[in-house]
Amino acid sequence: MSDRAISSRRAANGNVAGVRLTTALRTLGMLPVLLLLSFGFFMASDRFLTAQNISIVLQQAAINTVLASGMTFVILTAGIDLSVGSILAAAAMTSVWITLVPGFEHFGIAAGLLTSLVFGLVNGVMVAVARLPPFIVTLGMLTAVRGIARLIGHDKTLINTELPFAYVANTALFGVHSLVLLALVFVLISWWILRFTVLGIRIYAVGGNASAARLAGIRVWLVLLFVYAYSGLMSGVGGLMSAAKLYSANGLQLGQAYELDAIAAVILGGTSFVGGIGSIWGTVVGAMIIAVLTNGLILTGVPDIYQYIIKGVVIVAAVAIDRLRLPAASGS
Amino acid sequence: MSDRAISSRRAANGNVAGVRLTTALRTLGMLPVLLLLSFGFFMASDRFLTAQNISIVLQQAAINTVLASGMTFVILTAGIDLSVGSILAAAAMTSVWITLVPGFEHFGIAAGLLTSLVFGLVNGVMVAVARLPPFIVTLGMLTAVRGIARLIGHDKTLINTELPFAYVANTALFGVHSLVLLALVFVLISWWILRFTVLGIRIYAVGGNASAARLAGIRVWLVLLFVYAYSGLMSGVGGLMSAAKLYSANGLQLGQAYELDAIAAVILGGTSFVGGIGSIWGTVVGAMIIAVLTNGLILTGVPDIYQYIIKGVVIVAAVAIDRLRLPAASGS
Amino acid sequence: RDLTSVGIISGPLGNSFYQSLAAGAEAGVKKINPAAKATVTSYEGDLNKEFNLIDSFIAAGVDMIVMVGADPNAVTPVIKKAQNNGIVVVGMDAAANAADANVITDNRQGGEIVCAHLAEKIGGKGNVIIINGPQVQGVIDRVTGCKAALAAKPGIKIVADKEGDSSRDSGFSIMQTLLTQQADIAGVFAISDPMAIGADLAARQLGRDGIHIVGFDGSPEIVDALKKPTSVEASASQNPYALGEKAVQVGFDILNGKPPMEKLVKAPTGLVSRDNVSSYQGWLTQ
Amino acid sequence: MIPVLRAVHFDVRPGEVHALMGENGAGKSTLVRIMTGAHAPDPGGSIFLNGRPVVFATPQAAQDAAIASIYQELSLVENLTVAENMYLGREITRFGHHRRKEMERNAFLVLAELGAPFLPRDLVSSLTLAEKQLVEIARVMLTGARVVIMDEPTTSLSTREAEKLFAIVRRLRDRGVGVVYISHRMEEVFALADRVTVMRDGRHVGTLEKPDIEPGRIIRMMIGRELSAFHDRRPDRTSGRTMLEVEALMGPGLKAPCSFTLRHNEILGIAGLVGAGRTELARVISGISKRRSGRIRIEGADIEIHTPRDAMKAGIVYLTEDRRGLGLFLNRSVRENINMLVMEQDAFLGIQRNFTKAERRSQQAIRAFSIRLPEDGIDVGLLSGGNQQKVLLARLLQMNPKIVILDEPTRGIDVGAKASIYSIVEGLATEGVGVIVISSDLPEIIGIADRVLVIREGVIAGEVGTTLGNVISEESIMKLATQTSLTGGQKRTQDYV
Ligand SMILES: Nc1ncnc2c1ncn2[C@@H]1O[C@H](COP(=O)(O)OP(=O)(O)OP(=O)(O)O)[C@@H](O)[C@H]1O
Ligand SMILES: Nc1ncnc2c1ncn2[C@@H]1O[C@H](COP(=O)(O)OP(=O)(O)OP(=O)(O)O)[C@@H](O)[C@H]1O
Ligand SMILES: [Mg+2]
Ligand SMILES: [Mg+2]
């Protein structure tokens, strides 16, 4: 804390441009690490930097980016949402299931989003109104919603090869894949909320100092309710993307352990668990690091076991490099 | 926060006995919930409260209790250790592997503990000295150590039907199973450290206000190093218990997602993520709740899918009941 | 066409079965072209990850993908995509319906023979429990086969059917609890060998003799158990190494315009039991 | 990079009280942090102890050299007990075990000496801000330090506790301890200091020996110009309509129903000892603490207040005494902090925020309150204590409230800025706002309030005011504030002796 304070203060005392630069660097976060990593893979495999592979990496990052956007909101309020993977599965199951019911084929998207919103609100009510600890609440939901997702399909894979909303994951606009576009849209929405709306500032305020926020007349519970509902909804979007990509959904296999990747993206992106510090663009970079790492390791043909080790080491190294590069940016 | 402050102060204003009562209630934590749950299962199945089943529940809770004890230390300093499951696997693998090397049969326990201690120290150095965020560090270790655990056995299950330290999980003293005794021993050690030693106070202090602790002349980094090393070591103990129980170890499957159960036990036990608040006895009760729930649901023959749902709901309900019972105790 | 690069998607690699499977596939590749590149990966029970892996293989420009399908039909779209990129896709161990061919173990038959053996061991009557696994097609088939065999004996009753995660640990704890729940158990069918062994350990620890346990896979650890005084009676033996090798061979033939007669190649399982374990050859990993 | 401190010379002799003065942001606290190892000095500067150069890389090193300090911002661990905090970092131990009983007994004796109204076993989180400050003082007394540094130790203490502190400081001095004393309260400095060093903009301006210590001179050195020591007597404003009526209000910390009224144009002072319940009364009125019973009326209309938001809607704003804990968003910019309460007004439908308006507002506030900072985009946590206080005050006044409750409004504010805050407060009253000022600084209350409510142990003990027949004076207030009944306190001591 105090280190951070000092050096960022130095910049401030220096000149105003200094502050801006520091802020920009902080927002950029781990971008240099991402570039370094990409460069490494580029040297190791000539297929890494092809248009096709870049498009694939972006697609593979898309779902996690959407989940991590919602997660950013939650973590900014010093909370956590472990239930994103399960909600994703439940939303995917509902949406595919509805498209299989004659006469309701076109309600798939609505049903999936509604399901996820409801689960998000359940999280929100328990955290914001009943004031239960977010970790336990969302851990409980991780388990319970997983059960519900399996129940929806009676523990079977639901398949719809004629999925009406398949276009969600199977079209392209100006050469950009729809999954990527979708992720971009939700990133922009999240950014706009955090940056330009009153709600955005209140999210930061609640995370920075919840009791001060209450004294400042902010309805803390409403803000919390919103972030969990939003995270739920983003999981639902992720579920739809997944269902559209797979033309199917499976209550057991979808979204397992996705919460870890989403949280990792957020934290790699420089958002602090303490709350009140972080940005959506950092999260995007974090999600890209994870996707590049996974893709690059497969592409270069590293054996599975070593992939684990390398992935773990790179994740830790990434934050370490970030710390070296800019001791100011990290609010541990 | 302020609610809690108020009522404890009230007790203090009242009398000293009042403080003691409040503290005791807070330490008891979720015991009433545990009793309620047990009573429920007792009504549902006449086999639940048999000596044999109680012994089994205790055995099944043993490993998680040991992991959760270490985790309690870490969470008390406002940290987190996601790598416990992987370290458990690595320690189990090393210990079994060493017993298979001719001439080193009796170094299994030492090797396992050493491995886990080393990984714990690595966590500790990165968090305490390099000051990286605990979530990312231990997430990286979760992945990397999992890879190492698999590498140790070249991705195979290591089996030793003549395991020299099998007694760890296959003896009984005064009718109590050795796994249970072992868990009890480590709980007592943990309790002793937290309650009676200077280190214990300092752990609470670092968790409560790290910068104040630093200003008071406490070597915060040393305290942090200790808690991560201790958590690593507890994971190692868990690994030995697991290896002794199964006469084998598997780098991939052992300890998967154990971190979630351990964290859940700690948080159910009333220890707060904010740091500085909590107790080891709470953690024990939390671990018992999880074990009773899992055992009871199987015993009463609830179908698998519904088990998920019920388990999730009960976990959330447990903290909710706790909140109703004693609004003071919870440091959200 | 020559074989230069192959993507292999196996199951969880910590399980020696999938390792042997992958090793077989890798060996199959090397046999055809020692210079060819074979990348071994695992979909780790995640449908999305399987899609991503195949996408990555398409980008990496492989000639052929041999894969364990997460779901027989759900993987269809991405297989189509690979095929459109000129890649031959062969399913192994678990069928993928859209694949150019599938080489799988006959799980149903395996469940049948091993449970028939169990029925015989317990004398055609008594309580049996099933330690089930993750609900994927292969597991579902095994249980179906087993139930069919047990149904042939009216004296046998299935009193519990619990899901584990295929590890020794989960076999152990499920068995521990079920033994408390059920006073009288004659037999156990576990859908995989590690769980059968876990169940055996739990039964012995609780001092419950006279229980007969059968598993599925014919893994090295079950071989060990069969040679020792345990409650394990038998297992349905698969040959993962051969499956993998065969899958690559079939794929190579298709690549060169020689599709197999049947799109679905089913390898029958054998029964490895206390009686014949000494002559059982076991799995290869090299 | 511009350093905060530039070539500051400062020395303390054994057995003296050396006061350190300067405007908000002059660098006093920074100097303290360097002397105690909390910050590293830039190369070139050095610290000498007994003539020998020392390096304090960590607070621990400074402690080992027997330097103890009370930092301006409280540094207590809330979740530990008072005794644990007092002994933190130097617990009494045997074989690694701490000796709780012994520490609590010693702590009790020290606390008794300070007249602290709480016990060693209480959790620090249950104490009021002033009580926490007492803990900090008690902690320093426990060490055998040769140098004791106190950075604004009295900002929330009332006269009685401050007197006790002065006695302690003198005793320390007589024992040969060197005391560094930082304060913005002139009276204290005159009462205590043997020498005074004045800093401005991180520079050493001069050091005065005892005979030269004189208010005008110090102020001139501090701010570079003259300043009339206290503001002029206000015009008589005692005739306004009733603004706020509080009737039989009960809540946590209040031992009897509280009733009083506040008029338009009026500045009502609330005085009392530490822990008397002044803050609690304000918290209940402004919806922070739960009201158990009683009624609140504004301009004759009954108002239901359950949350701070309700209070704000009704036109009541409250300035907390705990600016860091309950007031500011330390890691947000000054601009955002100033605009926090009025953000909705600046946004179209609460969505698109108007950044220009926010900027204009914060620039205006920075000028009006003479907040010293490089630019309003920096985090408020980086400002000096006094400047943070100004930001908080500025934030509240953006609301155009009807009633302002100020809890210790000049905590840590320097002489110059105090005067401007007083005139702002007077200005508010003149415009028709009802102002309640809670303060532990008796001269301040006497100087500014039209009428003073005295609270004692959760009960309104009485009122003083010219129109009430009794003059507002230290004696009249202290008489009402201190008629204590000792029974409660004595019973509790038995547990410890
Ligand atoms: N960590 C820091 N890094 C850099 N500059 C800082 C830091 N903390 C404070 N400052 C700046 O240093 C200057 C001096 O601050 P300091 O807190 O020492 O003032 P002070 O004299 O104690 O004021 P006050 O009377 O208001 O407490 C201020 O301008 C402040 O903004
Ligand atoms: N959060 C709290 N919960 C319970 N009691 C409290 C709390 N805060 C203060 N008290 C108690 O309420 C009484 C009144 O405290 P209050 O903060 O109103 O005092 P005060 O007059 O403002 O004094 P000061 O702020 O100078 O300490 C005291 O006995 C105090 O110990
Ligand atoms: Mg200061
Ligand atoms: Mg007060």
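The values are calculated or read from the model by the stated rules, or taken from the named source; none is laboratory data. These numbers come from a predicted model, not from an experiment. All Cβ positions, glycine included, derive from the backbone under ideal geometry; neighbour counts span all protein chains shown. Surface areas here come from the heavy atoms of the whole protein model, side chains and all, with no ligands, DNA or RNA. Shrake-Rupley method; radii C 1.70, N 1.55, O 1.52, S 1.80 Å.
Quick test of your reading of the structure: D:D11 fulfils all but one of (1) surrounded by 17 or more Cβ atoms within 10 Å (Cβ to Cβ); (2) not assigned by the TED database to the domain that holds D:G216. Name the failing condition by number.
Checking D:D11 against (1) surrounded by 17 or more Cβ atoms within 10 Å (Cβ to Cβ); (2) not assigned by the TED database to the domain that holds D:G216, the one that fails is (1).
Somewhere in segment D:340-353, is a residue more than 16 Å from ligand 1 (Cβ to nearest atom) and away from chain A (no Cβ under 11 Å)?
Of all residues in segment D:340-353, those more than 16 Å from ligand 1 (Cβ to nearest atom) come to D:340-353.
With away from chain A (no Cβ under 11 Å) added as a condition, the list becomes none.
Checking segment D:340-353: not a single residue is more than 16 Å from ligand 1 (Cβ to nearest atom) and away from chain A (no Cβ under 11 Å).
Could you please tell me which pairs satisfy a Cβ distance under 7 Å, a separation of 6+ or placement on different chains, a first residue in segment D:383-397 that is within 14 Å of chain A (Cβ to nearest Cβ) and farther than 17 Å from D:E23 by Cβ, and a second residue that is of a type outside the set (A, V, I, L, M) and within 15 Å of ligand 3 (Cβ to nearest atom)?
Close Cβ pairs satisfying both conditions: D:L392/D:R323.
Just the residues that are out of contact with any Gly (no Cβ under 8 Å at 6 or more places or on another chain), more than 9 Å from ligand 4 (Cβ to nearest atom) and outside any loop (DSSP other than H, G, I, E, B), please, taken from segment D:261-280.
Matches in segment D:261-280: D:T261, D:I267, D:G269, D:I270, D:A271.
Scan segment B:270-288 and give yes if some residue there is open to solvent by less than 10 Å² (accessible area, probe 1.4 Å), within 13 Å of chain A (Cβ to nearest Cβ), of a type in the set (A, V, I, L, M) and closer than 30 Å to D:L123 by Cβ, otherwise no.
no
Residues that are within 22 Å of C:R108 (Cα to Cα) and surrounded by 24 or more Cβ atoms within 10 Å (Cβ to Cβ): does segment C:248-266 have at least one?
No: segment C:248-266 contains no residue that is within 22 Å of C:R108 (Cα to Cα) and surrounded by 24 or more Cβ atoms within 10 Å (Cβ to Cβ).
State which residue pairs qualify: first residue free of Cβ contacts under 8 Å to residues at least 40 places away in the same chain and inside segment D:272-296, second residue near ligand 4 (Cβ under 10 Å from one of its atoms) in any location, beta carbons under 6 Å apart, and separation of 6 or more residues or different chains.
D:S289/D:R283
Consider segment C:191-218. How many of its residues are within 11 Å of another protein chain (Cβ to nearest Cβ), open to solvent by less than 10 Å² (accessible area, probe 1.4 Å) and more than 21 Å from the chain's Cα centre (by Cα)?
1
Of all residues in segment C:63-86, how many are closer than 23 Å to A:T300 by Cβ, open to solvent by less than 10 Å² (accessible area, probe 1.4 Å) and in a loop (DSSP other than H, G, I, E, B)?
Qualifying residue count, segment C:63-86: 1.
Looking for something buried (at least 19 other Cβ atoms within 10 Å of the Cβ), in contact with a Ser or Thr (Cβ under 7 Å, 6 or more places away or on another chain) and more than 14 Å from chain A (Cβ to nearest Cβ) - is there at least one such residue anywhere in segment D:276-284?
Filtering segment D:276-284 down to residues buried (at least 19 other Cβ atoms within 10 Å of the Cβ) leaves D:276-284.
Still in the list and also in contact with a Ser or Thr (Cβ under 7 Å, 6 or more places away or on another chain): D:279-280, D:283.
Applying the additional criterion that residues be more than 14 Å from chain A (Cβ to nearest Cβ) yields D:280.
The answer is yes; a qualifying residue exists.
For segment D:131-163, which positions are away from ligand 3 (no atom under 16 Å from the Cβ), in a helix (DSSP H, G or I) and within 14 Å of another protein chain (Cβ to nearest Cβ)?
In the first step, residues of segment D:131-163 are kept if they are away from ligand 3 (no atom under 16 Å from the Cβ); the result is D:131-132, D:134-135, D:137-148, D:157-163.
In the following step, the residues that additionally are in a helix (DSSP H, G or I) were identified as D:131-132, D:134-135, D:137-142, D:159-163.
Within segment D:131-163, D:E131, D:K132, D:V135, D:A138, D:R139, D:V140, D:L142 qualify.
Which condition breaks for D:L142 when tested against (1) away from ligand 2 (no atom under 16 Å from the Cβ); (2) closer than 20 Å to D:H18 by Cα; (3) at pLDDT 85 or above?
The number of the failed condition is (2).
Determine, yes or no, whether D:D64 is of a type outside the set (A, V, I, L, M) and within 12 Å of another protein chain (Cβ to nearest Cβ). Before you say what the answer is, go through the steps one by one.
Details: of a type outside the set (A, V, I, L, M): yes; within 12 Å of another protein chain (Cβ to nearest Cβ): yes.
So D:D64 passes the test.
Residues that are of a type in the set (A, V, I, L, M): list the helices (runs of 4 or more DSSP H) wholly contained in segment D:313-405 that include at least 3 such residues.
Working: elements: D:334-339, D:343-346, D:355-368, D:385-397.
Fully inside segment D:313-405 and qualifying: D:355-368, D:385-397.
Kindly provide the set of residues from segment C:136-161 that are outside any helix (DSSP H, G or I) and either in contact with a Ser or Thr (Cβ under 6 Å, 6 or more places away or on another chain) or buried (at least 20 other Cβ atoms within 10 Å of the Cβ) (or both), ordered by number. Lay out the reasoning, then the answer.
Initially, segment C:136-161 is screened for residues outside any helix (DSSP H, G or I), giving C:136, C:152-161.
C:V136, C:I156 - these are the residues of segment C:136-161 that are outside any helix (DSSP H, G or I) and either in contact with a Ser or Thr (Cβ under 6 Å, 6 or more places away or on another chain) or buried (at least 20 other Cβ atoms within 10 Å of the Cβ) (or both).
Restricting attention to segment D:318-339, and to residues there that are open to solvent by 10 Å² or more (accessible area, probe 1.4 Å) and basic (K, R), which single residue is farthest from the other protein chains (Cβ to nearest Cβ)?
D:R335
If we keep just the residues of segment D:249-288 that are modelled with pLDDT of 90 or more and small (G, A, S), which is farthest from ligand 1 (Cβ to nearest atom)?
Step by step, filter segment D:249-288, then rank; the result is D:S259.
Do we have any residue at all in segment A:55-77 that's within 14 Å of chain B (Cβ to nearest Cβ) and either touching a Leu at 6+ places or on another chain (Cβ under 7 Å) or open to solvent by 30 Å² or more (accessible area, probe 1.4 Å) (or both)?
For segment A:55-77, residues within 14 Å of chain B (Cβ to nearest Cβ) and either touching a Leu at 6+ places or on another chain (Cβ under 7 Å) or open to solvent by 30 Å² or more (accessible area, probe 1.4 Å) (or both): present.
Report whether or not B:A265 is away from chain C (no Cβ under 12 Å), surrounded by fewer than 24 Cβ atoms within 10 Å (Cβ to Cβ) and not basic (K, R). So that I can check it myself, show each step before the final result.
Working: away from chain C (no Cβ under 12 Å): yes; surrounded by fewer than 24 Cβ atoms within 10 Å (Cβ to Cβ): no; not basic (K, R): yes.
The answer is no for B:A265.
Is it fair to say C:G45 is of a type outside the set (A, V, I, L, M, F, W, C), outside any helix (DSSP H, G or I) and within 14 Å of chain B (Cβ to nearest Cβ)? Give the derivation first.
Details: of a type outside the set (A, V, I, L, M, F, W, C): yes; outside any helix (DSSP H, G or I): yes; within 14 Å of chain B (Cβ to nearest Cβ): yes.
Criteria met by C:G45.
Being assigned to a helix (DSSP H, G or I) and under 13 Å from the mean Cα position of the chain (by Cα) is the filter here, so list the residues in segment C:243-266 that pass it.
Step one: of segment C:243-266, the residues assigned to a helix (DSSP H, G or I) are C:243-255.
Result: C:L243, C:G244.
Which one is farthest from ligand 2 (Cβ to nearest atom) among residues in segment D:239-280 that are hydrophobic (A, V, I, L, M, F, W, C) and closer than 15 Å to D:I316 by Cβ? Quick ask: steps written out before the conclusion?
We begin by selecting, within segment D:239-280, every residue hydrophobic (A, V, I, L, M, F, W, C); these are D:243-244, D:246, D:248-250, D:254, D:256, D:258, D:260, D:262, D:267-268, D:270-271, D:273-274, D:276.
Subset that is closer than 15 Å to D:I316 by Cβ: D:243-244, D:246, D:249, D:260, D:262, D:268, D:270.
On the way: D:M243: 22, D:L244: 18, D:V246: 15, D:L249: 13, D:F260: 15, D:L262: 18, D:L268: 15, D:I270: 8 Å.
This residue is D:M243.
Please tell me if A:T171 is touching a strand residue (DSSP E or B) at 6+ places or on another chain (Cβ under 9 Å) and within 21 Å of A:N64 (Cα to Cα).
Here the answer is yes, as A:T171 does meet what is asked.
Yes or no: segment B:123-138 includes at least one residue that is touching a residue at least 40 places away in the same chain (Cβ under 8 Å) and more than 14 Å from chain A (Cβ to nearest Cβ).
No, every residue in segment B:123-138 fails to be touching a residue at least 40 places away in the same chain (Cβ under 8 Å) and more than 14 Å from chain A (Cβ to nearest Cβ).
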